[in-house]
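Just so you know, all these numbers are worked out from the coordinates, no wet-lab data involved. These figures come from a predicted structure and were not determined experimentally. Cβ sites come from the backbone with ideal geometry, for glycine too, and all protein chains shown count toward neighbours.
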Amino acid sequence: MEPVLEAKKIRKVYGTRSNLYPAINDISFEVAHGEFISVMGPSGAGKSTLLNVLSSIDKPTSGEVKISGVDLFEMKARDLAVFRRDRLGFIFQDYNLLDTMSLKDNITMPLSLSRTPVAEIEERFEKNFAGVWNL
Ligand SMILES: Nc1ncnc2c1ncn2[C@@H]1O[C@H](COP(=O)(O)OP(=O)(O)O)[C@@H](O)[C@H]1O
Ligand SMILES: [Mg+2]
């Protein structure tokens, strides 16, 4: 079966010409459907940089990231935004919740952005979250 994620020769260099810092140097790996992986390393090893590149939040200096065979960095910005909204889950170290919105609105925002009918949003929220967290 085709891997769900393919990372090929990823490099990420921060800084400018006189002060270059390679945070990731030539990483390649594949993740199969249903596989569960963790990335470990000391602070500064490049874990966040790698996750940002794999999730299309940041661009690598060179290399390729494919999800289900599609090269993320060949996609148009609009298609990439739809991909992030509909297919990607990402939990940030510092949450990145919008603090002017309720927790429920933060959770359901991707559905609102994709113009899901309000009744369906309510139903899905009730089914998946309300009972669990007593919101
Ligand atoms: N935006 C940036 N500009 C310059 N250097 C950065 C930037 N982000 C991270 N770095 C550097 O890249 C290296 C890897 O950082 P990071 O990916 O945050 O590591 P980790 O998440 O494993 O702690 C560190 O040396 C860090 O200082
Ligand atoms: Mg980090």
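Here are some notes:
- Candidates are the residues of the stretch 50-63 that are outside any helix (DSSP H, G or I) and of a type outside the set (A, V, I, L, M, F, W, C); the one that is nearest to ligand 1 (Cβ to nearest atom) is ASP58.
- Selected residue (criterion: surrounded by the most Cβ atoms within 10 Å (Cβ to Cβ)) from residues of the stretch 70-125 that are within 16 Å of ligand 1 (Cβ to nearest atom) and in contact (Cβ under 8 Å) with a residue 24 or more places away in the chain: PHE90
- Of everything in the stretch 23-49 that is in a strand (DSSP E or B) and within 16 Å of ligand 2 (Cβ to nearest atom), the residue that is surrounded by the most Cβ atoms within 10 Å (Cβ to Cβ) is ILE24.
- Some residue of the stretch 47-62 being of a type in the set (A, V, I, L, M, F, W, C) and either under 22 Å from LEU113 (Cα atoms) or touching a Ser or Thr at 6+ places or on another chain (Cβ under 9 Å) (or both): yes
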